[in-house]
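Report on the following structure.
The values are calculated or read from the model by the stated rules, or taken from the named source; none is laboratory data. Computed from a prediction, not measured in an experiment: that's the story for all the values here. In this analysis, Cβ positions are derived from the backbone assuming ideal geometry, glycine residues included, and neighbour counts consider all displayed protein chains.
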Amino acid sequence: MTYILVGVAGAIGAISRYMIGLWLVSNNPFPLATLITNLFGCFLLAFLSAYFLKKVSLPTSFITAIQTGLIGSFTTFSTFSVETIQLFQNGEFLLSTLYVLTSLFGGLFMTKLGLYVGKEA
């Protein structure tokens, strides 16, 4: 049953990520859609872990589906990596550095914020 739940949640997460990508399409070389998706995913995983998954009694299979399926497929480290290398190869050294630093420190900040909001809610 867990495999099915992870698969369904994974499909929802992947489709959601794709929709954000379509919504934020631009000619700008900066990969804003991936950045926003990953930062929001950091917040969401931390928030859900601190709030719903600790204060609401859910079966382990549902927790796995949310964390691994939904949010795991929503966020994407591989796309971040490819986009960073592409920026670098295209001579966008400042943008690639900004992207890496914003992703790293922004992700840590959003995780901390998600944990805080989840615990306070």
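Of all residues in segment 89-109, those that are touching a Ser or Thr at 6+ places or on another chain (Cβ under 7 Å) and either over 11 Å from residue 35 (Cβ atoms) or modelled with pLDDT under 95 (or both) total 1.
For segment 15-53, taking the residues that are among the small types (Gly, Ala, Ser) and farther than 28 Å from residue 116 by Cβ, the one that is farthest from the chain's Cα centre (by Cα) is identified as 26.
The set of residues in segment 86-116 that are over 17 Å from the mean Cα position of the chain (by Cα), surrounded by 11 or more Cβ atoms within 10 Å (Cβ to Cβ) and not acidic (Asp, Glu) comprises 86, 87, 88, 90, 95, 96, 97, 98, 116. Within segment 36-46, at least one residue is out of contact with any strand residue (DSSP E or B) (no Cβ under 9 Å at 6 or more places or on another chain), surrounded by fewer than 22 Cβ atoms within 10 Å (Cβ to Cβ) and either among the β-branched types (Val, Ile, Thr) or at pLDDT below 95 (or both).
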